[in-house]
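Below is one structure, written out as structure tokens, with a few remarks after it.
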Amino acid sequence: MQYATLRGPVRAVDGVSFDIGEGEVVGLAGESGSGKSTVALALIRVLHPPAMIKGGEVRFRGRDVLAMSDRELEQFRWRDVSMVFQSAMNSLNPVMTIGDQIVDAIRAHERVSERQARERAAELLRIVGIEASRIDSYPHQLSGGMRQRAVIATALALNPPLMIMDEPTTALDVVVQKEIMQQIEDLKERLGFSILFITHDLSLLVEFSTRIAIMYAGEIVELAPARELFDNPLHPYTQGLMSSFPSITGEKRKLTGIPGSPPDMVAPPSGCRFHPRCPYRREKYEQVVPRLMEVSPGHFVACHLYAEGRRATLERTEIGYEQEEE
Amino acid sequence: MEKPVEGNGTVLDVRHLTKRFPVGGLFSSKKVHAVEDVSFRISRGQVVSLVGESGSGKSTTARLISRLIEPTSGEIFFKGRDVLRAEPRGASRQYRREVQMVFQDPFGSLNPVHTIGHHISRPLKIHRRAPNRRELQERVLELLNTVGLNPPEEFANKYPHQLSGGQRQRVAFARALAVDPELMLADEPVSMLDVSIRMGILNLMERLKEEHSLAYLYITHDIASARYIGDETIVMYAGHMVEGGDSEEIMHHPAHPYTKLLLSAVPNPHAGLVSRKVEDRGEVPSLIDPPPGCPFAARCPHVMDVCRQAMPEVRWVGENHWTRCYLYDGEPQQDAPAG
């Protein structure tokens with residue numbers, strides 16, 4: 001994945017590979033500029049110049065998404081994969097009622113009568129926790145949380161097997177976030193779809209995902225089952241992230257976060273892209289790109305330490321990881 | 001004139017602060033009750049966290065204290081001085097020097113055409129903190145060094161766009177620190193930053209607090225960071241303070257039903273991945289001419305008739321822990337809770 005920019009091409013996503021099983025929730029975590037949203041856009045091929053896919057493959061139930069015609073893509077989006085974005089609640093059409101917008105989405109893909117579509121819309125709203133009587137409300141008449149629920153209802157309209165959710169609750173208050181996440185989880189249990197869940201909030205992911213991939217500077221640096229990643233993070237970046245979230249429980253400890261700043265993607269660091277911020281950096285790591293390797297079943301990490309039989313051991317504490325002071 | 005209580009090292013003492021904004025046009029008498037009867041104290045070297053969701057009135061409270069806006073009623077004592085009465089037509093230069101503010105957006109608060117050095121020397125000049133050019137320059141470099149922008153000579157000549165978000169927020173702190181403030185109002189200073197650099201900024205705040213015995217009001221929607229940095233935490237809901245006191249007490253023994261709801265909603269993998277169900281009904285009420293009583297009554301699982309009649313007074317539930325809730329029958333207290 002590459003973006004053409006005034007300052008030269010930016011490789012926003014580089015050699016990222018992962019799979020999502022049926023009914024699975026795969027979390028993609030990373031900071032701004034890590035490429036996590038670009039991955040989502042590439043999966044459903046909604047990237048337009050200056051962005052381009054320079055290589056790689058996307059397969060959905062065996063079909064090659066990158067080779068699909070425009071007509072096939074139209075069906076693929078919504079019917080096979082739907083998306084909910086962070087600002088989605090602002091992407092509702094302000095001059096259409098939410099009911100009409102859902103009806104539109106249904107009728108664009110299925111031959112059903114207006115009445116049937118409307119009934120389904122009311123049902124979908126009920127499923128996401130909006131009273132059916134709100135079906136003729138305009139977006140501005142709803143709170144942010146309700147608008148986001150309406151977007152989720154729209155995404156569910158065609159009962160797709162995969163939902164991509166990019167920071168679906170980031171703009172919302174934490175209580176509303178929790179309610180919506182619970183609702184999504186219930187729906188997933190009932191309807192059995194898979195989710196690619198993208199967020200910067202690792203603590204939310206650990207609660208919610210089956211597996212988690214950690215992205216840094218356009219690359220996946222670690223991939224593991226959620227619980228395993230939380231109990232046993234291997235990459236120094238993941239360990240640093242764990243040391244970036246204060247907790248409301250347990251004893252209060254000093255947390256350090258990660259020194260330095262995320263890299264400029266026009267000129268990403270050579271070798272291991274995390275090396276400028278890594279407490280374990282060596283000269284060699286600045287030259288050689290580490291490969292993603294499986295260190296235990298299902299647990300992958302791209303870090304030179306593990307290739308050399310060493311490991312990162314930023315001290316584990318009750319509520320995170322401690323590092324030396326900056 | 002009412003005599004302020006001069007606690008040991010009380011910097012800020014806010015009493016019954018209330019702000020109502022008129023809405024709905026010239027002939028409408030509708031009012032948004034943004035901040036209702038807010039009282040608290042902050043001492044030297046102390047951080048008080050003000051936690052709440054959007055619309056809770058936490059930012060308005062900070063803006064009232066900074067006197068960017070004027071309160072509808074209430075009192076603000078700063079180092080024992082009733083500032084609203086003493087400076088009725090706006091804050092004095094001294095007040096504006098001693099009370100500094102750091103905002104959420106490190107991109108919007110710096111002028112793109114000026115160097116970092118320029119940004120930091122401005123307040124030094126305006127408040128006459130440096131007698132000559134050489135000392136001005138030295139002071140700028142010293143401040144950059146203090147906030148961890150090294151080497152300072154290099155950063156002084158950079159422009160805002162050459163800095164990352166975290167570095168820009170460090171500049172904002174250096175600029176606020178330049179004029180030797182006594183009180184810092186930090187309004188969501190880390191919420192726009194990447195997670196990996198947030199702790200660095202919070203730790204910087206902590207260090208500045210200790211080195212300069214600053215008092216902080218830390219405003220956030222993130223109760224975990226409120227705990228991390230705040231000696232004390234005050235929880236706001238729909239313009240009202242509902243609970244406050246020692247941060248650890250509040251995290252471990254929350255009293256108010258809203259605080260409990262808020263804590264149960266925080267994603268917390270440390271709790272052992274057990275999904276704790278949030279039981280909630282409804283959303284934050286409208287702040288336009290709200291009905292009397294507790295603003296949480298409509299959502300509260302323990303609501304009683306009395307809750308809809310009047311907001312309860314402060315009741316103490318621990319040594320340094322109070323709440324405003326009828327569920328607790330501790331002695332109602334007329335005084336402002338101690339900070």
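Here the spin labels are modelled as points 7 Å beyond Cα on the Cα-Cβ line, and at A:S143 and A:S17 they lie 4.6 nm apart.
Put in order of Cβ neighbour count within 10 Å, fewest first, the listed residues B:K79, B:K58, B:K209 become B:K79, B:K209, B:K58. Taking every residue in B:199-207 and counting other chain Cβ atoms within 10 Å of its Cβ, the average works out to 4.
Ordering A:I212, B:I65, B:I250 by the number of other Cβ atoms within 10 Å of each residue's own Cβ, fewest first, gives B:I65, A:I212, B:I250. In terms of other Cβ atoms within 10 Å, B:V32, A:V95 run from fewest to most in the order A:V95, B:V32. Placing +1 on each Lys and Arg Cβ and -1 on each Asp and Glu Cβ, with no other charges, gives chain B a dipole about its Cα centre of roughly 1320 debye.
Think of chain A as a dipole: +1 on every Lys or Arg Cβ, -1 on every Asp or Glu Cβ, centred on the Cα centre; then among A:M215, A:L204, A:P246, A:M215 lies furthest on the positive end. Taking 7 Å steps out from each Cα toward its Cβ at B:R207 and A:M52 produces label points 4.6 nm apart. For A:T199, the shell of other residues with beta-carbons less than 10 Å away shows a net charge of -2, using +1 for Lys and Arg and -1 for Asp and Glu.
For the residue pairs A:K36/B:K260; A:K36/B:K158; A:K252/B:K19; A:K254/B:K209; B:K79/B:K158, the alpha carbons lie more than 27 Å apart in A:K36/B:K260; A:K36/B:K158; A:K252/B:K19; B:K79/B:K158. Peptide A:165-177 is shielded by partner chain Cβ atoms: per residue, an average of 4 of them sit within 10 Å of its Cβ.
Applying the Karplus relation 6.51 cos²θ - 1.76 cosθ + 1.60 with θ = phi - 60° to the range B:58-70 yields 3J(HN,Hα) values of 5, 6, 4, 4, 5, 5, 5, 5, 6, 6, 5, 10, 9 Hz, where x marks Gly and Pro. Averaged over the residues of A:259-267, the number of partner chain Cβ atoms lying within 10 Å of the residue Cβ comes to 3. Any idea how far the Cα center of the range A:169-229 sits from the one of the range A:92-106, in Å? First find each Cα centre; the distance between them is then 27 Å.
Rg and Dmax of the range B:161-301, both derived from C-alpha coordinates alone, stand at 17.5, 51 Å. Taken over the C-alpha atoms, the protein assembly as shown has Rg and Dmax values of 26.3, 80 angstrom. Considering only GluC sites (Glu not before Pro) in DSSP loops that have at most 15 other Cβ atoms within 10 Å, the longest stretch of chain B without any of them is B:7-278.
Quick one: which residues, 5 or more positions from B:L185 or on another chain, have an amide H under 5 Å from its amide H? H modelled 1.01 Å from N in the peptide plane, none for Pro or chain starts. Excluding prolines and chain starts, which carry no amide H, the hits are B:Q100, B:M101, B:V102, B:L217.
Largest GNM mean-square fluctuation among A:P290, A:P94, A:P276, using chain A with Cα springs under 10 Å: A:P94.
Can you classify the range A:174-326 as rounded, prolate or oblate using the Cα gyration tensor, where a ≥ b ≥ c are the square roots of its eigenvalues, rounded means a/c under 1.5, and otherwise it's prolate if a/b beats b/c and oblate if not? Prolate shape, in that a/c is at least 1.5 and a/b is the bigger ratio. Across the range B:196-203, coupling constants 3J(HN,Hα) worked out from phi with the 6.51/-1.76/1.60 Karplus curve, θ = phi - 60°, read 5, 10, 5, 4, x, 6, 4, 5 Hz, and Gly and Pro carry x. Mean separation of Cα pairs under 8 Å and 6 or more residues apart, divided by the residue count, gives the range A:2-209 a relative contact order of 30 percent. Where in the range A:83-116 is the amide nitrogen less than 14 Å from a point lying 7 Å along the Cα-to-Cβ axis of A:A132? In the range A:83-116, the label zone of A:A132 (backbone N under 14 Å from the point 7 Å along Cα→Cβ) covers A:115-116. Comparing Cα centroids, the range B:168-186 and the range B:115-149 end up 12 angstrom apart. Counting Lys and Arg as +1 and Asp and Glu as -1 over every other residue whose Cβ lies under 13 Å from the Cβ of B:K31, the net charge comes to +1. Applying a DSSP loop filter and a limit of 13 other Cβ atoms within 10 Å to the trypsin sites (Lys or Arg not before Pro) in the range A:21-58 leaves A:K54.
What whole number of Å gives the distance from the Cα centroid of the range A:138-161 to the Cα centroid of the range B:90-107? If we compute the Cα centre of each part, the gap is 41 Å. If you sort the three axes of the alpha carbon gyration tensor as a ≥ b ≥ c, you get a/c of 1.5 or more for the range A:233-322 and a/b no higher than b/c, which makes it oblate. Simple spin-label estimate for B:S54 and A:E24 gives 3.4 nm between the two label positions (7 Å along the Cα-to-Cβ direction from each Cα). One decimal place: the segment A:N90-A:S113 gains 5.5 nm when fully extended, by the rule 0.36 nm per residue minus the C-alpha distance. Between B:V195, B:V83, B:V147, where does the largest GNM mean-square fluctuation fall for chain B, given springs only between Cα atoms within less than 10 Å? In this elastic network of chain B, the residue with the biggest mean-square fluctuation among B:V195, B:V83, B:V147 is B:V195.
No lab work stands behind these numbers, since they all come straight from the coordinates. The structure presented is a predicted model; accordingly, all values stated were derived computationally and were not measured. When we count neighbours, we look across all protein chains shown, and the Cβ atoms used for this are built from the backbone with ideal geometry, even at glycine.
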